[in-house]
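Undergrad: Once you've had a glance at the structure underneath, I'll fire off some questions.
Just so it is clear, none of the values below were taken in a lab; they were calculated from the coordinates. All figures in this text were calculated on a predicted structure; none of them were measured in a lab. Methodologically, a virtual Cβ is constructed for each residue, glycine included, from the backbone with ideal geometry; neighbour enumeration extends over all protein chains shown.
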Amino acid sequence: MDLRSDTLNRVRVCSACMRGIHQLVAGFSKGDAISNEAIVLRDLFRSWGYSSEIFAESKRILPELRGDALDAQLARDRVGPEDIVLLHLSIGSLVNDLFPQLPGRKVILYHNITPPGYFRGVQEEVASNLAKGREQARQLAGVADVNLADSRYNADELVAMGFSQVEVLPLVLDLEKLEREIDRRQLKALQDDKTNILFVGRCVPNKRIEDLLYAFHYYQQSVDPVSRLILAGSYAGMESYQAYQLTIIKDLKLRDVIFTHSIPQPMLNACYRAADVFVCMSEHEGFCIPVIESMVMGVPVLAYAAAAVPETMDGAGVLIHEKRFDWIAEMLHRLVRGQGFRKAVLAGQAERVQRYRSLDLEARVRDLLAPLLASA
């Protein structure tokens, strides 16, 4: 008798018997918000006693992360009729077409799909994927047993696409990572005599980095010449958009604009720790995690009131409704130097963080999945 073969068969039988809650994501990479949430949820589902895997398009899984995510095509064999499958809907992808073909009960978690117009003339492939994603989203209306979105803004968008009974599940974040490790060399380099204005996020057209550059121009020229702008985020695939920004920097004669590109978490933590203020000029966000992260790190936030940003701010920080760059420069000065105003803003943000931390997101996930868990 082949004991090794018999053991392998027993493992397969046990694996088949263990009910699972599996996830589909378009891509899987370090630092990506959806990837991070998928990991947190996977660990949560496993702690409940379920088997749980993350499936993604093979070409969109970073090579070093292939132990954490599996090729989406494997889901056809791994997902059984007693399982639950959760689709993270965020862009056009083959996983969106695969999702309705799989057995088991189904859940959609919508993270928003950026309108493709922002990418036209900048990155046509991304624009096409976004347009495809919006069409796929409409076709998925009525497919899932449970429909979720990570903000009311996103939920309303799903309803407009024909979905019904959409519930809000705020992003399940690992905020502890912000304090675990800080790159001391990076922190020391940034803690000099310069005022640090920070933006964190993928540097893509809907983020309106150019508007941030114009605001920084007014700030550096008229308010505080000893200042630095830190743009912490990846430009992968967006090189033409970065070239446009470099042209603006040259034309405006801006100094000390740092593009960090993709950086490890300890270096990002150092950027947050060294920041005097966080600024977001984005015109389309389904949630905007860096707003919450900045508040956790005690950094005052100034943001443009677009899409889901006001919902995420939840009354904290400073919201602007017009992009008057001279006015923004003065407001930045108040947030950096106006001790009383800064203290009041930080107090409001601390209360917002407390409200977020007080959410029992594990209980919320379990409650939203309860109809499916009861029959699993």
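Undergrad: Kindly put Tyr110, Tyr50 in sequence by how many other C-beta atoms sit within 10 Å of each C-beta, fewest to most. Each step should come with its number before you reach the end.
TA: On the way: Tyr110 25, Tyr50 18.
Arranged by neighbour count, lowest to highest, Tyr110, Tyr50 become Tyr50, Tyr110.
Undergrad: Based on the mean of other beta carbon atoms within 10 Å per residue, what is the order of 217-227, 51-61, most packed first? Display every interim value, and only then the final one.
TA: Working: 217-227: 17.4, 51-61: 20.2.
The peptides rank, most packed first, as 51-61, 217-227.
Undergrad: May I pose another question? Suppose every Lys and Arg Cβ carries +1 and every Asp and Glu Cβ carries -1, with no other charges. What dipole size does segment 177-358 come out with about its Cα centre, to the nearest 20 debye?
TA: On the way: 23 positive and 21 negative charges, 92 e Å.
Dipole magnitude for segment 177-358 comes out near 440 debye.
Undergrad: Once you charge only the Cβ atoms, +1 for Lys and Arg and -1 for Asp and Glu, what is the size of the charge dipole of the chain about its Cα centre, to the nearest 20 debye?
TA: Numbers: 44 positive and 48 negative charges, 98 e Å.
Computed about the Cα centre, the dipole is about 460 debye.
Undergrad: Here is a further query. What nm value, rounded to one decimal, do you get for the distance between Gln339 and Ser47 when each label is placed 7 Å out toward the C-beta?
TA: 4.2 nm
Undergrad: Can you give me the distance in nm between label points at Ala189 and Ala350, each placed 7 Å from the Cα along the Cα-to-Cβ direction?
TA: Result: 3.2 nm between the two label points.
Undergrad: Another question, if that's okay. How would you classify segment 179-223 from its alpha-carbon gyration tensor, with a ≥ b ≥ c the square roots of the eigenvalues: rounded for a/c under 1.5, else prolate if a/b is greater than b/c, otherwise oblate?
TA: Numbers: a/c = 3.95, a/b = 1.34, b/c = 2.96.
Oblate, because a/c is 1.5 or more while a/b does not exceed b/c.
Undergrad: If you take the charge dipole of segment 177-358 about its Cα centre, with +1 on Lys and Arg Cβ and -1 on Asp and Glu Cβ, which of Met297, Leu231, Val277 is farthest toward its positive end?
TA: So the residue furthest toward the plus end is Met297.
Undergrad: Going by amide H atoms built from the backbone, whose H comes under 5 Å of the H on Cys280, apart from near neighbours?
TA: Residues meeting the criterion, in which the H sits 1.01 Å from N, are Leu302, Ala303, Tyr304.
Undergrad: How big is the charge dipole of segment 40-124 about its Cα centre, in debye rounded to the nearest 20, if each Lys and Arg gets +1 on its Cβ and each Asp and Glu gets -1 on its Cβ? It would help to have the intermediate numbers written out before the result.
TA: Details: 10 positive and 11 negative charges, 29 e Å.
Here the size comes out at about 140 debye.
Undergrad: Rank His321, Phe259, Gln245 by how far each Cα sits towards the positive end of the charge dipole of the chain (+1 on Lys, Arg Cβ; -1 on Asp, Glu Cβ) and give me just the farthest.
TA: Result: Phe259, furthest along the dipole toward the positive end.
Undergrad: Would you please put 325-337, 283-295 in order of how densely packed they are, using the mean number of other Cβ atoms within 10 angstrom per residue and starting with the highest?
TA: Details: 325-337: 18.5, 283-295: 24.2.
Descending packing order for the listed peptides: 283-295, 325-337.
Undergrad: Ranked highest first by the average count of other Cβ atoms within 10 Å around their residues, in what order do 19-29, 194-204 fall? Write out the running numbers ahead of the final one.
TA: Details: 19-29: 23.4, 194-204: 21.7.
Ranked by mean Cβ neighbours within 10 Å, highest first: 19-29, 194-204.
Undergrad: Could you grab the relative contact order for the chain? Cα pairs under 8 Å, six or more apart, rounded to a whole percent. Don't skip to the end; give the middle numbers.
TA: Working: 665 pairs, mean separation 49.9, N = 376.
Normalised by residue count, the contact order of the chain is 13 percent.
Undergrad: Ignoring everything except DSSP H segments at least 4 long, calculate the 222 nm mean residue ellipticity for the chain; use -39,500 (n - 2.57) per segment, divide by total residues, nearest 500.
TA: Numbers: 16 runs with 168 residues, N = 376.
Helix contribution divided over all residues of the chain: -13500 deg cm²/dmol.
Undergrad: Right, here's the next one. Straight-line reach from Lys323: which aspartates and glutamates have Cα under 14 Å away, leaving out those fewer than 8 places along the same chain?
TA: By straight Cα distance, Lys323 reaches Glu210, Asp211, Glu283.
Undergrad: Once whole DSSP H runs in the chain are found, which of them have Cα atoms spread over 15 Å or more along the helix axis and a mean Kyte-Doolittle score of at least -0.5?
TA: Working: long enough: 3-17 (21 Å, 0.00); 33-47 (21 Å, 0.41); 124-139 (23 Å, -1.36); 239-252 (20 Å, -0.26); 325-337 (18 Å, 0.21); 339-358 (28 Å, -0.92); 361-373 (17 Å, 0.71).
Passing helices, by number: 3-17, 33-47, 239-252, 325-337, 361-373.
Undergrad: Starting from the Cα gyration tensor of segment 18-83, take the square roots of the eigenvalues, sort them a ≥ b ≥ c, and report rounded, prolate or oblate (rounded when a/c is under 1.5, otherwise prolate if a/b is larger than b/c, else oblate).
TA: oblate
Undergrad: Right, another one. Dipole of the chain (Lys/Arg Cβ +1, Asp/Glu Cβ -1, origin at the Cα centre): which of Pro63, Leu148, Gly20 lies farthest to the positive side?
TA: Pro63
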